[in-house]
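Just so you know, all these numbers are worked out from the coordinates, no wet-lab data involved. All of these numbers come straight from a predicted model, not from anything done at the bench. Quick reminder, even Gly has a Cβ in these numbers, built from the backbone with ideal geometry, and neighbours come from all protein chains shown.
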Amino acid sequence: MIVKRNHKIFITGTNTDVGKTFIGLNLVRLAIKKGLKIIPFKPIETGCRIIKSKLVPDDSYRYYKLLDERVSLDLINPYRFKPPISPNMAIKLARKRINIRNYLNKIEILPKHDYLLVEGAGGICSPIAIDGLNIDLIKKINSPILLVAKDEIGVINNVLLCINIIKKYKLTLLAIILNKIENKQPIGMNNYQELSSMIKKPIIQINNKKSSNEKSFEKILKVINFKN
């Protein structure tokens, strides 16, 4: 089953905690500002909190609030678990059976939209279901990719490895988002410059601590071709 409806983008990362949700929220916010009909979808989230006897997913809840609660949280994020571990292991510990087809079926019942933004869980090769990785889900959705990477020592290796697996799966990488989360960095380190000399794909820098990155997010929207 391949999801074909409308324009879509899959946000994945070189690892966990690289800022995928930060990037996704800002893209959705900018798309809404431009009058685009966009739906965020995070198929599974772990590390959820229990509030009033209900599991509340932090990342997905932010998307829910950004849409002014117009779309049900259960549609944005259909599967959630308390343990802050890999989705696959959380599923197994809960004695559930959640596979990639389940995620595809959930996409099919989302409200009508022109653009779909899917945010994966963990890194591109993290196990997201009992039968596959994030990249297997990307393949089934048939979606181009935004690869988010934390601007730190070691990121060059991580990005190049991710690019190789994307090529192996014959998927489309639209851009690499180099997300600067820590302001203090080693003197002389310039990951943007080094990566730019090695790969031809667009690399867009984001300063996570900066109050406004709108110009950078405008560049991302242009690359992924989200427009009226």
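One table, with the values for the structure above:
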| read-out | value |
| --- | --- |
| Cα centroid separation, region 95-147 to region 51-67 (Å) | 19 |
| Length gained when the stretch SER197-LYS52 is fully extended (0.36 nm per residue, less Cα-Cα span) | 47.0 nm |
| Mean separation of Cα contacts under 8 Å, 6 or more apart, over the residue count of region 7-224: relative contact order % | 25 |
| Sites ILE85 and ASN225, calculated FRET efficiency, Cβ-Cβ separation with R0 22 Å, nearest 0.05 | 0.05 |
| Anisotropy class of the chain from Cα gyration tensor, a/c 1.5 cut | rounded |
| Fully extended contour minus Cα-Cα distance, from ARG29 to ALA94, at 0.36 nm per residue | 20.0 nm |
| Cross-link pairs LYS20/LYS215; LYS8/LYS180; LYS42/LYS96; LYS54/LYS92; LYS33/LYS215 - those with Cα-Cα distance over 23 Å | LYS8/LYS180 |
| Gained length - LYS170 relative to LYS215, 0.36 nm times residue gap less alpha-carbon distance | 13.2 nm |
| Packing-based order for 59-68, 135-144, using average beta carbon neighbours within 10 Å, highest first | 135-144, 59-68 |
